[in-house]
Amino acid sequence: MRDHEAICGDAVELLADVPAGSVDLIYLDPPFGTGSTRRARQRHTGAKAHFEDPSLSAHAYVDWLRSLLTPALLTLKPSGALFVHCDWRASHHIRVLLDELLGTASFRNEIIWHYRRWTAASASLQRLHQTIYYYARSPTHAPAIPLIPYSPTTNLEQIWQARTRSAEQVSVYAREGAQPRNAGAKRGVPLGDVWEIPPLNPKARERVGYPTQKPLALLERIVAIASPAGGLVLDPCCGSGTTLVAAKLLGRRALGFDTASLAIELTRRRLAAPVRSTSEVIDGRDAFRRRSSSADHEATLALLRAHAVQRSSVIHGYLSPAGLDRLGLPCTWSVPLALVEGDAAQVSEHTRALAALVASKRAHAGLVLARPWQAARGAQRPTGRVVQAPWPADECELDAVGNAARYLVQADPNVVQRT
């Protein structure tokens, strides 16, 4: 086979041609048996793509999955690993099946892929994760577990001081006489089993318009952890080929199957010219670096009763109904706000950007809080529906923002009528 190959056909039949014990990693993202049809449009060509998930009973779904996994596992090396991607509908059935096929001792992790997205009203708590089961073929499997930065809430002593065991076998800080013993190089902490990786942004460069396309960052992490350089990665239900692209970018060989000719066409196109999007939100909010480095940034949002916005180059938050009430604005309004540090030119540039966003999103108003505030003590004349005010550092300065908001209401009566 070629180093990176996508083949159209039934995986159960095609697996018979894969040599036994030749695969280092199997990633399986099978249909979930929901009976739904998901549609999307290809970004560059405009062609419509759809994915039909057959409706199966739990018993029939498990039988189908067993018929696929049984020959797939024969291709796995003793040092290999299996990752099975599933959602809440069948995860419990799949876990039992995997224990049956591989044995409970082969279980390594239940990985939670957590993400944030727009949600809809529901009688249940919002479902914001999917499950990935990680099994090793045998104890010889040795993953390359990455190290990640310490959490901002980690106690400094936990980072700097070495640990030892007391006579009672309790973990305690190690000391050399009266002095603490330093732990040496700060390597970070091993990656855990909850991964916060955002779903593909609608404008992501790597998006190809396939309904079930997963983020490349997710598959790159799996491939890097569970397969060696030059190893073979197998995806029996490859869809748009994200697994194969991840393998190629990381120096692995890859083999993928899918029954949909469109999926294989997309996979081959992506393999010919791999595209990786960048994201500043990987690994959660702790890793996200905001545009403002101010120490009281979050305190200001809290003072204004504003919800933080993490992924915008223009705004930093939205006023909540409580925040609107504090500023004398109608509690039904949509009011984004921006916190800007810089000179007058930077403030003016950001104000224009916010004004454009307010207009395009049909927000009722916008609020720019600027620092340093040298031009005036009170509110500045608004541009359209955007008003500037000092950046409050404490409760005493909130009046200036309130005056700005009230001036905004008085200055644009048409906005008030829209409520």
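The values are calculated or read from the model by the stated rules, or taken from the named source; none is laboratory data. Since the model is a prediction, treat every value here as computed from it, not as a measurement. Using ideal geometry, Cβ is built from the backbone for each residue, glycine included, and neighbour counts are taken over all protein chains shown.
Does Arg181 count as over 27 Å from Ala224 (Cβ atoms), of a type in the set (Lys, Arg) and either surrounded by 12 or more Cβ atoms within 10 Å (Cβ to Cβ) or without any contact (Cβ under 8 Å) to a residue 12 or more places away in the chain (or both)?
yes
Answer yes if at least one residue in region 152-167 is under 30 Å from Glu220 (Cα atoms) and in contact (Cβ under 8 Å) with a residue 40 or more places away in the chain, and no otherwise. Among the residues of region 152-167, at least one is under 30 Å from Glu220 (Cα atoms) and in contact (Cβ under 8 Å) with a residue 40 or more places away in the chain, which makes the answer yes. Here His129 fulfils each of the conditions (1) farther than 19 Å from Val223 by Cβ; (2) in contact (Cβ under 8 Å) with a residue 24 or more places away in the chain; (3) within 27 Å of the chain's Cα centre (by Cα) apart from (2). If the condition is being among the aliphatic types (A, V, I, L, M) and not in a strand (DSSP E or B), then region 250-263 contributes Leu250, Ala260, Leu262, Ala263.
Looking only at region 231-243, decide whether some residue is surrounded by fewer than 18 Cβ atoms within 10 Å (Cβ to Cβ) and in a loop (DSSP other than H, G, I, E, B).
no
Counting only residues that are aliphatic (A, V, I, L, M), out of contact with any Pro (no Cβ under 7 Å at 6 or more places or on another chain) and either more than 19 Å from Tyr133 (Cα to Cα) or free of Cβ contacts under 8 Å to residues at least 60 places away in the same chain (or both), region 193-212 holds 2 of them. In region 186-207, of all residues being part of a strand (DSSP E or B) and not β-branched (Val, Ile, Thr), the one that is nearest to the chain's Cα centre (by Cα) corresponds to Glu196. As a summary of the residue check, Ala247 satisfies the conditions (1) in a loop (DSSP other than H, G, I, E, B); (2) within 20 Å of Tyr135 (Cα to Cα) except for the one numbered (1).
Could you pull out the residue among Ala136, Ala167, Ala183 that is within 26 Å of the chain's Cα centre (by Cα) and of a type in the set (A, V, I, L, M, F, W, C)?
On the way: Ala167 fails: within 26 Å of the chain's Cα centre (by Cα); Ala183 fails: within 26 Å of the chain's Cα centre (by Cα).
Only one candidate qualifies: Ala136.
Entry remark, region 281-317: residues being touching a Leu at 6+ places or on another chain (Cβ under 7 Å), at pLDDT 70 or above and hydroxyl-bearing (Ser, Thr, Tyr) number 1 in total. Entry remark, region 208-220: residues being surrounded by 20 or more Cβ atoms within 10 Å (Cβ to Cβ), under 16 Å from the mean Cα position of the chain (by Cα) and not small (Gly, Ala, Ser) number 6 in total. Checked against (1) surrounded by 13 or more Cβ atoms within 10 Å (Cβ to Cβ); (2) in contact (Cβ under 8 Å) with a residue 60 or more places away in the chain, Arg117 passes all but condition (1). Can we say Leu232 is under 17 Å from Val23 (Cα atoms), aliphatic (A, V, I, L, M) and in contact with a Gly (Cβ under 7 Å, 6 or more places away or on another chain)? Here the answer is no, as Leu232 does not meet what is asked. All but one of (1) outside any loop (DSSP other than H, G, I, E, B); (2) modelled with pLDDT of 90 or more hold for Pro30; which doesn't? It fails just one condition, (1).
Could you check how many residues of region 90-121 are among the aliphatic types (A, V, I, L, M), within 26 Å of the chain's Cα centre (by Cα) and assigned to a helix (DSSP H, G or I)? Even if it seems obvious, please write down each step before you answer.
So the first thing to find is which residues in region 90-121 are among the aliphatic types (A, V, I, L, M), and the list is 90, 94, 96-98, 101-102, 105, 111-112, 120-121.
Of the ones still in play, those that are also within 26 Å of the chain's Cα centre (by Cα) are 90, 94, 111-112, 120-121.
Okay, now just the ones that are also assigned to a helix (DSSP H, G or I), so 94.
Number satisfying all stated conditions: 1.
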